[in-house]
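Written out below as structure tokens is the structure these notes cover.
The values are calculated or read from the model by the stated rules, or taken from the named source; none is laboratory data. Since we're looking at a predicted model, the values are computed, not measured. With ideal geometry, Cβ positions are generated from the backbone for all residues, glycine too; neighbour counts draw on all protein chains shown. Accessible surface areas use protein heavy atoms only, side chains included; no ligands, DNA or RNA. Shrake-Rupley method; radii C 1.70, N 1.55, O 1.52, S 1.80 Å.
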Amino acid sequence: QVRLMESGGGLVQAGDSLTLSCAAFGSIQSIGAMVWYRQAPGNKLDFVARITSSGSTHYADSVKGRFTISRNNAKNTMYLQMNSLKPEDTAVYHCDINNERLSSGSWGQGTQVIVSS
């Protein structure tokens, strides 16, 4: 009923910025928590940033001060503004809304971010 699609990834140099988008398609009864995850080569899926229905935000220690999560409920879209990118940020980034993907265990292809030094 609800489909999620990430976009905005690319190949950049250290210190550059990227903005990722996560668009939701289909009928959405309500928008609660919105979350970004990432999976680096050889690593597990890691939490990156979360914004709750009340607007509270939380970030992984590794991205604090550099990444900003936001939402546009009218467009059923959330964003991840990534500044001062580091090679360690290289990963496939995945989004989730209302913990749907977390619950199902199906994450899709995500959007790839590669940061060169």
| field | Hits in region 10-32 (condition: surrounded by fewer than 13 Cβ atoms within 10 Å (Cβ to Cβ), assigned to a strand (DSSP E or B) and among the polar types (S, T, N, Q)) | value | GLN13
| query | Can you tell me which residue in region 33-60 is nearest to TYR93 (Cα to Cα), limited to those that are touching a residue at least 24 places away in the same chain (Cβ under 8 Å) and open to solvent by 70 Å² or more (accessible area, probe 1.4 Å)? | reply | GLN39
| Can you tell me how many residues in region 63-117 are part of a helix (DSSP H, G or I), over 14 Å from ALA24 (Cα atoms) and open to solvent by 60 Å² or more (accessible area, probe 1.4 Å)? | 4
| request: Please specify each residue of region 97-117 satisfying the condition of being modelled with pLDDT of 95 or more and either of a type outside the set (A, V, I, L, M, F, W, C) or over 13 Å from the mean Cα position of the chain (by Cα) (or both). | output: GLY110, THR111, GLN112, ILE114, VAL115, SER116
| note | In region 33-62, anything closer than 14 Å to THR77 by Cα and not in a loop (DSSP other than H, G, I, E, B) is listed as MET34, VAL35, TRP36, ARG50, ILE51
